[in-house]
1. In the set THR53, THR104, which member is of a type in the set (Val, Ile, Thr), surrounded by 10 or more Cβ atoms within 10 Å (Cβ to Cβ) and within 38 Å of the chain's Cα centre (by Cα)?
2. Scan segment 60-83 for residues that are surrounded by 13 or more Cβ atoms within 10 Å (Cβ to Cβ) and more than 30 Å from GLY31 (Cα to Cα) and jot them down.
3. Scanning for something surrounded by 15 or more Cβ atoms within 10 Å (Cβ to Cβ), of a type outside the set (Lys, Arg), at pLDDT 95 or above and within 30 Å of GLU109 (Cβ to Cβ), does segment 84-91 turn up at least one residue?
4. Among the residues of segment 8-44, which ones are touching a residue at least 40 places away in the same chain (Cβ under 8 Å) and over 20 Å from the mean Cα position of the chain (by Cα)?
5. Given (1) of a type outside the set (D, E, K, R); (2) closer than 30 Å to PHE4 by Cα; (3) out of contact with any Lys or Arg (no Cβ under 8 Å at 6 or more places or on another chain); (4) buried (at least 16 other Cβ atoms within 10 Å of the Cβ), where does LEU129 come up short, assuming only one miss?
6. So which pairs qualify, if the first residue must be in segment 120-148 and in a helix (DSSP H, G or I), the second must be of a type outside the set (Asp, Glu), the Cβ gap must be under 6 Å, and the two must be at least 6 apart or on different chains?
7. Take the residues of segment 35-77 that are polar (S, T, N, Q) and modelled with pLDDT under 85: which is farthest from SER90 (Cα to Cα)?
Amino acid sequence: MLKFNYSFQKVVDLKTSEKSHAEMKLSSAMGELQAEEQTLSQLFSDKDSLFDTLQNQTVNAVSAVQLQQMQDYINYIDQCILQKRQDIQSAQVKVEEKKEHLTTKMLDEKVWLQARGKALDSFQKEEMLREQNTLDEMATIRFVSRAR
């Protein structure tokens, strides 16, 4: 019995490798997005704790300078939050691009795997036909040799 040898196996392997690479890039982009979201969450947490501190300081005697510094810091955190939201939007766009890229690579791989599957089916049918012809030939030879 012959062994199946697909002539485009290197292309199939390349497409599989490209898909795996695209999966890793998507995973990395999703990790970056998650990190940005965690940073934004931390900024909101910092802002909330600063507001709590500011309210507590208002009850106690504090100078106007200290209140102004705290307000400036809150404004700074607000700026950071705005920037982080833009970073998150950028990361989300990057994730979507990586998803589309992965989808394309998955389709490419699927096409080549289907082509390989069809070639394998064809090979198996030919191999079965060869085996059947060999068996038929052997049966014919036996029949002819017995008939003599």
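1. THR104
2. Scanning segment 60-83 gives VAL62, LEU67, MET70.
3. Here is the first cut: in segment 84-91, the residues surrounded by 15 or more Cβ atoms within 10 Å (Cβ to Cβ) are 84, 87-88, 91.
Subset that is of a type outside the set (Lys, Arg): 87-88, 91.
Remaining after also requiring at pLDDT 95 or above: 87-88, 91.
Imposing the further condition that a residue be within 30 Å of GLU109 (Cβ to Cβ) reduces the set to 91.
The answer is yes; a qualifying residue exists.
4. PHE8, GLN9, VAL11, THR39, LEU40, LEU43
5. That leaves (4) as the condition not met.
6. Correct list of pairs: LEU120/PHE4; PHE123/PHE4.
7. ASN60
The values are calculated or read from the model by the stated rules, or taken from the named source; none is laboratory data. These figures come from a predicted structure and were not determined experimentally. All Cβ positions, even for glycine, are placed from backbone atoms using ideal geometry, and neighbour counts span all protein chains on display.
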